[in-house]
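Each reported figure results from applying straightforward, stated rules to the coordinates on display, with no laboratory input. In this text the structure is predicted, and so the values were computed from the model without any measurement. Here Cβ is always computed from backbone atoms with ideal geometry, including for glycine, and neighbour counts include all displayed protein chains.
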Amino acid sequence: MGWDSSNDLSYQHNAEVYEPNYFMAVYDASHNILWGFDPLGGNSNAPDVVLWTDRGSNFTVERYDGDSTEVVPAGRFWLLKDTPISPKERNLLAERGIVKHSVGRHQGKTLALFRSETDVQKSLLDSLIAGLYNTVAVDDSTPVEIEFYQDSLYEDSSRIDMEIYCWPDVSVNTCVEEVAACGGDDIGVARGLLIAKVRKDSLQCLSHNVNIDGLVVQHELGLASSPVDRDAVNISVLQSDTAWQRALQMDSATKEWLSGLEYTGEGIVVGVYDTGIDFHHPDFNEYDSTGKLKPRVMDSSEYFGVRFDEIDSIKLVGYTEAHGSSVAGIIGGNGNNSNGHLIRGIAPKVHFYAYKSPASPEAQVGHVVNHSHMTHTKGFYIKNEYTMDDAIFRNWKSECTNIATGQSNLGKILNCVEGDSLVKTVVYAACNNGDDLGDSHYKHGILRGYHTILSNSKNAIVVGNMTSKEKVRFHHSSMGPTWDGRIKPDIMAPGATSQIVATGEDSVEIYVDFIKLYRQGSDTPYLVLDSNAFPAKSAFLRNALATASIDTINAGAFAYKFSCGNTSQLGISALWDFDSVSVSPTDEIEVRFRKGKGWSDNTIFGAAFFGTHESGFYPPPVSLVDSLSVIYPNENFKDNVWQVKVPTVWEDSNKYSVKRFSLSSLDTTINAYFLRLDFSFIKSIVSPDTCKSDSCGYQSLTDGGTSQAAPFVSGIAALMYQKFRDTTGDSLHKHSMRNSAVKALMIHTAIDMEDSEQAHFSSNPDLYATHHDSMPHYTPYGKGPDFATGWGYVDGKSALDMISDYNKNTKEFARFREIEIGNGVEKRWTTVVSPGKQRLRATLVWDDSPGIRRMAIDETRFKESKLVNDLDMYLVSPSGEYYYPWRLDTLPTEFITKDGTHSNKMTGFERIFDSDVHNAYRICSSSNKIDYSCFDHLNNVEVVDVDFPELGEWQIVVRGRRLEDYNNADSNAQVATLVSDFSLKESNFCSVVHNYAPQTTYRCTYNFNKSSLNRITFDDRTFAAAGDTIKLFDADKTSLGTYVSNQLAGKTVKVKSDKLIVELDSDDKYEGWGFGIQKIQSVPYSTLMMPFLPIYKKRK
């Protein structure tokens, strides 16, 4: 049954009426409700009905009724199933030519794409798999809808840059041939998609091709807009030994500088996906023996991709945009241009890969990749995040990258543009939409407050912004949850050094006596803005982001007084206008001023801005351009540059002093009509600026941002990879840490950020707008995870300290390891709590499957959970009590449309009350038995904290609750990272879910000492249902017996091998309890073979 969805959504436009934004229900011809909720009768659907949308058509799918005549036509089809598809079911179908190509979730059911070259009887499917719901034939004949973006600049181009997604069953070679046949050229292969230039007249050809599933126009994406900072992430202590101090005293960094030392990032490549890096700056160079600068760029020996010399994305020249250089400087600038290398990054020996485009998640290069940019403006899970999550899930392996190793079938495909195959960690900036201002300088879209994370990747590390000094969330750092309720950001890092709090009672003041401009070498100013000319000259003061007045210095002398009581203004700004003057880069500016109350120290960051347009300092609204054009006929209102910035640091005191500095930051001579002085409440991160006229200095971005926070995390990740390599002794391209390992270690060691009065300098826009009571409503964050600060702020030293105690025989670290968990399988590890320990923490992180692309990125499903594979973790104390992971209730979304609004699309505010925001919790009603309501089923991170833990041996239990997709070598398990405060020891405990699932193969392996006889006693409840078997094998996979029914219940078997493999194989008919191990006894052979001495009676 189908319907027209053109009028599905109905909005309430009255701001005083708050109702859910739409009700949707589907009825049959007799008006019986099939799906949804009836708002009039209050009835909800009882039947099990699935809504389906495919290429513009809508219909319902009902459960298969067992009709033996129903046939699935040859070709592609969707299969809906109540339970995950097991490896056994996958293999049974493949044996009959029915091949699975992708898997995900839809309306609480498993959804998989299959293909068969022949018709398939539904009854056959029903007999081979358990829990068949139904199938839906794929519509690959209706033309594909092309996904255009509003900002796609393709209208004036005859050739369009396209992303082309072929169906998963189509080989890459075939996909390339299809695109070429439709006129596409310059074709690149990148992680499951093609990137090509396509003529406009070829679009119809592509959209009608049955082998193509998606067409997207590429577009560029926008940017998300010192020692104390290194201290804030706890790195300085690692870079302070004698060797480091000796190196930091050197005048310049050479190739030998810091070489061979720990915590430098040497041998690690970081990809900076931004506006490029200015490699003219000395901080991104090392001096050779002749004194020449050598750029610290990735070389061919560090590249593990296809063809280093021909990939277009390998761009080793620098660019002149400041943002990318700032980001790279925080990651790994070496401070070559600063005294004592003071302004250096976290990992000053890394090499860089500079990619001047934040828009391509496919072409990732390096051990760490940093994305300090937003992905879009509405906070949905989009195709860029899907592509990144897919690459992370598959651990960066693909057919394309296998060309270099000779394992690929691509052959003729040379233009592989997906980057390299190195295992890597991905870091994203969360974005800067967390406060209530609409300042377009750092805002993106209309989202504000909660639900403003614009980097929605499940697997990447998403970083929020905090201040280094106060260690509180920065006021505009974007907040979670994601639309589907996930905890974001993951962690916090410094995006600003400090922020002053200004209130009505505690305002901040600046006094300015005069401003003078001088020509080079002249003592006579050519422009004077002097408050002593009061009141005539005071008219030059146009406006100020502060309360402005004229203050008396002494008899006949005056000064401008600026007082601000609102932290949201970010600082004090004062704007003067005057007749046009010519200002040159060789000129100097002189300001006499003093600070008033409210400043925390004598260093104030700021700038002087010169306005270059006569009509105004800021560009006017479009609605006023026509009228202003009459007044200013020579004005260019389309000009993108309206002000030119000259940054400075005001070395201030409580007494009047004169600050005179050069205007060399100007690129050229300008005609100025306005001058604005800024005194910032924010002390920002200092980082390399782009070079101008052979002058290479540093910059302090006055508004801070997550763009500066993310590279701190990337730099620490680089140090972690270096320590992993040096500790294991293995090359990272052969043995490395997955993304989940780096993320798990950072979250495990993060320092929790709890609410404080110090953090109350910016009210929460959603709470403020909802209560509408003129009272401040601050963003709360309590103990445990929260939507403002995630899991806390990063602690570099603690994360690095975890990478120690390595066993080279087992290739395992003591406190963390990568594990494999199968569907329905439970494994355990033990850890011992010794006296004096006040906390026990266990952390589980896994790189989740992205699911099926079209479902995952469908904007109409933006509230549906994105979690595909669900793992559970809990702890068991020595006395048998259960401890569960942290959980965090999601925030209301019932009034939210996909535009992120409830009534006014211009505000972005959401209807969230103070009472809707709860602290995280970990207590559960059941502490002596498993309660599945006590687990987190939204996030791919689980953390269990136990305060003042009981002494003795604890068990850490991990279970595969629901697995749809697999990413281990055998494609039958989810790889995850497990971290513990104390050493981990793998237990011989392995169990299956009771009762076990039908049509599934479960396998548990138990390891023993090689020189012992082992007695294994099975649980009394062990039972295999009719048609199911339990098989035992030794280490050589020699059969030790096949058992049915309850033959193994309570039975003890003897195993002489050092390994026992228990395999339960179920069919699709019945379910049983399964198996469990009650006791394992190992007796050394040396004891068994000990000779018995004869016993003699003592003679009398």
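Highest average first, the peptides 506-518, 1051-1063, 256-268 ordered by how many other beta carbon atoms sit within 10 Å of their residues are 506-518, 256-268, 1051-1063.
Overall size of the range 448-518 from C-alpha positions, given as principal axis extents largest first: 54, 35, 23 Å. Considering only the Cα atoms of the range 556-624, their convex hull presents on average a projected area of 8.0 nm². In a reduced charge model with +1 at each Lys and Arg Cβ and -1 at each Asp and Glu Cβ, the range 577-647 shows a dipole moment near 460 debye about its Cα centre. Taking all Cα pairs closer than 8 Å and separated by 6 or more residues, the relative contact order of the range 994-1100 comes to 41 percent.
With all pairs of different alpha carbon atoms counted, what Kirkwood hydrodynamic radius in Å does the range 796-843 show? Before the final figure, lay out each step's value.
Numbers: mean 1/r = 0.0746 Å⁻¹.
After inverting the mean inverse Cα-Cα distance, the result is 13.4 Å.
Highest average first, the peptides 58-70, 630-642, 448-460 ordered by how many other beta carbon atoms sit within 10 Å of their residues are 448-460, 58-70, 630-642. Using Cβ point charges alone (K and R +1, D and E -1), the dipole size of the range 508-683 about the Cα centre works out to roughly 480 debye. Summarising the amide proton neighbourhood of residue 593: residues at separation of 5 or more, or on other chains, whose placed amide H is nearer than 5 Å comprise 513, 657, 659. Here the range 808-884 is treated with +1 on each Lys and Arg Cβ and -1 on each Asp and Glu Cβ, and its dipole about the Cα centre works out to around 380 debye.
Of the residues 1043, 994, 1024, the one whose Cα sits farthest toward the positive end of the charge dipole of the range 994-1100, with +1 on the Cβ of Lys and Arg and -1 on the Cβ of Asp and Glu, is 1043. All Cα-Cα separations within the range 508-683 were binned at 10 Å from zero, giving a P(r) of 9, 36, 36, 16, 3, each value a whole percent of the pairs. Ignoring aspartates and glutamates fewer than eight residues from residue 109 along the same chain, the ones with Cα atoms less than 14 angstrom from its Cα are 48, 62, 82, 864, 870, 964, 965. Considering every alpha-carbon pair of the range 48-137, the percent of pairs per 10 Å bin, from zero through the bin containing the longest distance, is 16, 56, 26, 1. Comparing 664, 637, 650 along the charge dipole axis of the range 620-677, the residue lying farthest to the positive side is 650, per the Cβ-charge model.
Listed by chain and number, the lysines whose C-alpha is less than 17 Å from the C-alpha of residue 488, apart from same-chain residues fewer than 8 away, are 378, 458, 743, 783, 863, 866.
Cα convex hull, the range 918-966: 130 Å³ per residue, rounded to a whole number.
A straight Cα-to-Cα reach below 18 Å connects residue 692 with the lysines 645, residues fewer than 8 places away in its own chain not being considered.
Binning all Cα-Cα separations of the range 994-1100 at 5 Å, short to long from zero, yields these whole-percent fractions: 3, 12, 20, 19, 14, 10, 6, 5, 3, 3, 2, 2, 1, 1, 0, 0. With 22 Å as the limit on Cα-Cα distance, the pairs of 100/734; 808/1079; 88/985; 349/797 that go past it are 100/734; 808/1079; 88/985.
Which whole-number percent of Cα pairs in the range 976-1045 have a distance greater than 20 Å? More than 20 Å apart: 44 percent of the Cα pairs in the range 976-1045.
When each of the peptides 660-669, 1040-1049, 385-394 is scored by how many other beta carbons lie within 10 Å of its residues on average, the order from highest to lowest is 385-394, 1040-1049, 660-669.
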